[in-house]
Amino acid sequence: MGTRGFKVGVVPFVLFGALLFTSASEPPFHRFNNTRDLAHPFSSATAAAPSFGEYTFVRTIYDSPRAYRGYEGGGTWTTDYPEADNNFIVGLREWAGTNLKIASRPEQLQITDDRIFDYPILYAVEPGFMDLSTQQAARLHEYIARGGFIFWDDFWGEREWQNVQQQIHKIDPELEIQDLPLSHPIFHSYLDVEAVVQVPNVYNAQRGVTSEKGGIVPHYMGVLNKQGRVVGFISRNCDMGDAWEWINDPSYPAKYGLPAYKVGINVVIYAMSH
């Protein structure tokens, strides 16, 4: 059973329960120990390996013409790339202790690329600058209708929040966005997430600051279709990707890094089992 089975179906990708069990002697994150422990960093050999498994980290390439920063071509989709993607893969493979077969390298796909239907989860970073075309919105509408799931991460303040809502409603005006209670199954799908932690970028973390652009209150939110299925996860006023990127740097506090990995891993497990 692999990710390419997703394309032909119209229901969410489903994992066999046995894939989620860990060894009794090695609890989840037993190697993390609240320190940096990426014992096997991403290598050129890994980069050459096939990008295929029961889960592949797929970063969405999107248009962001209104981005205020100096990204070539307005490419805010490249934020934290490739280190965040590579480190998250290692975290899922090495730390979490699942038997899930993880593709050894990530993918980066245009929204209009038919290959997005090969993968059940897409990651969209800095969607506060996203500007979907009619064609791209229609493609993501189809993606969600087939059972796909989108993880929206790293945007701050009211202005970016308004844009994220606008982009999601371009995909489907009937999609509902709501805060998820910590009792929701997504926070207990594999590890227990017990608090909504505001995960800052590395530069703010080094200064002891967690918020930016007026985004003071963090939110872990769900995007629900009209049937009530959670089709997306939003980390609002948070930067999970920066924590994934900088987890090896001693200056990045583990009190932010560990929650960011726990949330990301739970989202993957939840999306692939619902």
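Quick notes
- Cβ pairs under 7 Å, 6+ apart, first in region 217-241 and among the basic types (Lys, Arg), second in a loop (DSSP other than H, G, I, E, B) and surrounded by fewer than 23 Cβ atoms within 10 Å (Cβ to Cβ): Lys226/Glu174; Arg236/Pro218
- Options Asp179, Asp113; residue that is in contact with a His (Cβ under 8 Å, 6 or more places away or on another chain), surrounded by fewer than 16 Cβ atoms within 10 Å (Cβ to Cβ) and at pLDDT 95 or above: Asp179
- Qualifying residue in region 167-175 (condition: free of Cβ contacts under 8 Å to residues at least 40 places away in the same chain, more than 25 Å from Glu83 (Cβ to Cβ), among the basic types (Lys, Arg) and out of contact with any His (no Cβ under 8 Å at 6 or more places or on another chain)): yes
- Note on region 182-206: residues that are of a type in the set (A, V, I, L, M, F, W, C) and either open to solvent by 40 Å² or more (accessible area, probe 1.4 Å) or free of Cβ contacts under 8 Å to residues at least 40 places away in the same chain (or both) total 3.
- Qualifying residue in region 89-99 (condition: open to solvent by 10 Å² or more (accessible area, probe 1.4 Å) and in contact with an Asp or Glu (Cβ under 7 Å, 6 or more places away or on another chain)): yes
- Residue match in region 100-110 (condition: charged (D, E, K, R), outside any loop (DSSP other than H, G, I, E, B) and buried (at least 16 other Cβ atoms within 10 Å of the Cβ)): yes
- Every condition in (1) in contact with an Asp or Glu (Cβ under 9 Å, 6 or more places away or on another chain); (2) loosely packed, with under 15 Cβ neighbours inside 10 Å; (3) among the β-branched types (Val, Ile, Thr) holds for Val217 except the one numbered (1).
- Hits in region 237-260 - residues which are small (Gly, Ala, Ser) and either open to solvent by less than 40 Å² (accessible area, probe 1.4 Å) or assigned to a helix (DSSP H, G or I) (or both): Gly241, Ala243, Ala254, Gly257, Ala260
- The listed residue being buried (at least 17 other Cβ atoms within 10 Å of the Cβ), at pLDDT below 50 and more than 17 Å from the chain's Cα centre (by Cα), out of Phe21, Phe42: Phe42
- Condition met for Gly157 (open to solvent by less than 10 Å² (accessible area, probe 1.4 Å) and either over 24 Å from Thr78 (Cβ atoms) or under 19 Å from the mean Cα position of the chain (by Cα) (or both)): no
- Verdict on Val209 being in a strand (DSSP E or B) and either open to solvent by 10 Å² or more (accessible area, probe 1.4 Å) or under 22 Å from Leu122 (Cα atoms) (or both): no
The values are calculated or read from the model by the stated rules, or taken from the named source; none is laboratory data. These numbers come from a predicted model, not from an experiment. Please note: Cβ atoms are built from the backbone with ideal geometry, for glycine as well, and neighbour counts cover all protein chains shown. These accessible areas exclude ligands, DNA and RNA; they are computed on the full protein's heavy atoms, side chains included. Shrake-Rupley method; radii C 1.70, N 1.55, O 1.52, S 1.80 Å.
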